[in-house]
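**Student:** Submitted below is the structure of interest, expressed as structure tokens.
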Amino acid sequence: MDKQTAIKVLSAWDEAGRYVFTRHDLAKLFPDDSAKTLQEAVNRLVKDGWLRRACRGVYVYSLARSMDSHMVERIAVALRRGEYNYLSLESALSEYGAISQIPVDRLTVMTTGRKGLYRTPWGTVEFIHTKRPTSNILASIRNVGRPLRLATPMAAWRDLKRVGRNTHLVDEEALTDD
């Protein structure tokens, strides 16, 4: 893949609202390239500033016009694509005003995938595995118009207790479901 072709393809996806790509996504976008050729091209695009490495295996198109304030959430979705993921724990409780401190550079995400911690230039994504059944998960999350769904206040509180996190900062009176 040459640079002009890559920029043309990435710009077309940007117009469709997509600017975060995994290595697997890039392989699908450029199917004629071998794995080695693709990796060399990606390395060149990163070196030249067209792509920015978010974390291992995830890249952001630097010239994207559709970039928004939900970059870390988009990276989280790319990291655990195919799994159920939702904002919970401190991130959700902070949004509901039930916790006194606001996590500035950390996103706490419950996932049916594996746990993990990923540091990106836009913030840290912490995945916490859940064994809750899918029906239970779907009943306790909300679509709020962002890449990740948001746990209800009671679900976030339940998750916080379940994983053994610090509960002392939580204002339990603010935990009423709407």
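**Student:** So which residue, out of Phe21, Phe127, Phe30, gets the largest mean-square fluctuation from a GNM of the chain using Cα contacts under 10 Å as springs?
**Tutor:** The residue that fluctuates most here is Phe30.
**Student:** For the stretch 83-178, just say rounded, prolate or oblate: build the C-alpha gyration tensor, square-root its eigenvalues into a ≥ b ≥ c, call rounded for a/c under 1.5, and beyond that prolate if a/b exceeds b/c, oblate if not. Don't skip to the end; give the middle numbers.
**Tutor:** Details: a/c = 1.41, a/b = 1.08, b/c = 1.30.
Taking the square roots of the gyration eigenvalues as a ≥ b ≥ c, the stretch 83-178 is rounded.
**Student:** Let me ask another. Can you compute the radius of gyration and Dmax for the stretch 21-97, using only the Cα atoms, both in Å?
**Tutor:** 15.1, 50
**Student:** How much of the DSSP bridge set in the stretch 71-174 is antiparallel, in percent, rounded to the nearest 5?
**Tutor:** The antiparallel fraction comes to roughly 60 percent.
**Student:** Quick one: work out the % antiparallel among DSSP beta bridges in the chain, nearest 5.
**Tutor:** 70
**Student:** Continuing with the same structure: Can you tell me the 0 to 90 degree angle between the C-alpha axis of helix 153-162 and the longest principal axis of the chain, rounded to 10?
**Tutor:** 90
**Student:** If you take the square roots of the eigenvalues of the alpha-carbon gyration tensor of the stretch 3-61 and sort them as a ≥ b ≥ c, do you get rounded (a/c under 1.5), prolate (a/b over b/c) or oblate?
**Tutor:** rounded
**Student:** Can you return the lysines within cross-link range of Lys8? Criterion is Cα-Cα under 22 Å, with same-chain partners fewer than 8 residues away left out.
**Tutor:** Lys28, Lys36, Lys47
**Student:** Hey, another quick one. For the stretch 85-118 and the stretch 1-67, what is the separation of their C-alpha centers, rounded to whole Å?
**Tutor:** Going from one Cα centre to the other spans 28 Å.
**Student:** Quick one: helix 35-47 against the long Cα principal axis of the chain, what's the angle to the nearest 10°, folded into 0 to 90?
**Tutor:** For 35-47 against the chain, the angle is about 80 degrees.
**Student:** Once the Cα atoms of helix 3-15 and of the chain are each reduced to a long axis, what angle between those two axes, in degrees from 0 to 90 to the nearest 10, is obtained?
**Tutor:** 40
**Student:** Something else: If you project the alpha carbons of the chain onto the principal axes, what extent comes out on each, in Å, largest first?
**Tutor:** Principal-axis extents of the Cα atoms in the chain, largest first: 58, 28, 25 Å.
**Student:** Now for a different question. Using a Gaussian network model of the chain with C-alpha springs under 10 Å, which one of Ala35, Ala64, Ala78 is most mobile by mean-square fluctuation?
**Tutor:** Ala35
**Student:** In a Gaussian network model over the chain where Cα atoms closer than 10 Å are linked, find which of Val58, Val20, Val46 has the largest mean-square fluctuation.
**Tutor:** It is Val46.
**Student:** Now a separate question. Percent relative contact order of the chain, based on C-alpha pairs within less than 8 angstrom and at least six residues apart?
**Tutor:** 19
**Student:** On to the next question. Give, rounded to the nearest 20 debye, the magnitude of the charge dipole that the chain has about its Cα centre when Lys and Arg contribute +1 at Cβ and Asp and Glu contribute -1 at Cβ.
**Tutor:** Its charge dipole is roughly 700 debye.
**Student:** In whole percent, what relative contact order does the stretch 18-105 give with Cα contacts below 8 Å and a gap of six or more residues?
**Tutor:** It comes to 27 percent, rounded to a whole number.
**Student:** Could you work out the local net charge near Lys3, counting Lys and Arg as +1, Asp and Glu as -1, over the other residues with Cβ closer than 9 Å to its Cβ? Write down the numbers at each step before the final one.
**Tutor:** Numbers: positive: Arg44; negative: Asp2, Asp48.
That works out to -1.
No value in this document is a laboratory result; all are computed from the given coordinates. Fair warning: this is a prediction, and the values are worked out from it, not measured in the lab. Heads up, the Cβs are rebuilt from the backbone with ideal geometry, glycines too, and the neighbour counts pull from every protein chain shown.
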